[in-house]
Amino acid sequence: MKNIGIDCRFWGIKHAGLGRYTRELVLSILRQNQDFAFTLFFQKGDFGQDQKLLKNHRIVEVEIPHYSLKEQLFFGQIVDRQKLNFVHFMHFNVPMFLQTPFVVTIHDLIKHFFKGKPVTTRSLPIYWLKYGGYRLIIGKAIKNAKEIIVPSYFTKDQITLEYPEVLDEKIHVIYEGVSSPYDLNSKLKT
């Protein structure tokens, strides 16, 4: 049986759009894939009210903030110790030293195109240091991913233009879904 990891550290509404995307996608994957074992990585205590929905899956709780040096240095080791067939990251912040094969979702490249003083409240030296880290991490994630999921052909085109060495065949457009009560198709079936 394949053991698949999913980075659920963005889980829930406190992480806004990424949190909603993560929760809805993971719950849908778990409902549809009974033939796989899943290892779910959560921030300590973040799954709260959803614990019942996740009870049949292995949960690894970590205290590793997103976009942190700790994430880059230690989260990959935690993932690698799980001996997964692959892991899915819901955002570009894949640990740089990860050895486990991975799939990554790249939602957009907006930070590539809107940058500098107009987009930050930080001092410019701190901003440019963080921007350099962003470019390094997202570039490595895009180049090393086994597969890349994007929500639109626009994002796919941006990636192929910015990273021409990346094979077009490994970038898959998968539209983000709508859950009920907003899903018109579920309303039409009733």
Quick check: anything in region 157-170 within 19 Å of the chain's Cα centre (by Cα) and closer than 30 Å to Arg58 by Cα? yes
Can you spot a residue in region 42-54 that is over 30 Å from Tyr153 (Cβ atoms), in contact with a strand residue (DSSP E or B) (Cβ under 8 Å, 6 or more places away or on another chain), modelled with pLDDT of 95 or more and not acidic (Asp, Glu)? no
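Right, Gly76: among the small types (Gly, Ala, Ser), more than 18 Å from Ile138 (Cβ to Cβ) and within 15 Å of the chain's Cα centre (by Cα) or not?
Criteria not met by Gly76.
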In region 1-42, how many residues are part of a helix (DSSP H, G or I) and of a type in the set (Gly, Ala, Ser)? 4
Checking the condition within 18 Å of Val166 (Cα to Cα) and hydroxyl-bearing (Ser, Thr, Tyr), which residue from Thr105, Thr121 passes? Thr105
When Thr155 is run through (1) touching a His at 6+ places or on another chain (Cβ under 9 Å); (2) assigned to a loop (DSSP other than H, G, I, E, B), the failure sits at (2)
When you scan region 158-190, how many residues do you find that are charged (D, E, K, R), part of a loop (DSSP other than H, G, I, E, B) and at pLDDT 70 or above? 2
What number of residues in region 65-83 are at pLDDT 95 or above and at negative phi? 13
List every residue pair whose Cβ atoms sit under 9 Å apart, with the two residues 6 or more apart in sequence or on different chains, where the first one lies in region 13-25 and is free of Cβ contacts under 8 Å to residues at least 24 places away in the same chain and the second, anywhere, is loosely packed, with under 11 Cβ neighbours inside 10 Å. Gly19/Ile13; Arg20/Ile13
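The values are calculated or read from the model by the stated rules, or taken from the named source; none is laboratory data. These numbers were taken from a predicted model, which means no experiment stands behind them. Note that each Cβ is placed from the backbone with ideal geometry, even for glycine, and that neighbours are counted across all protein chains shown.
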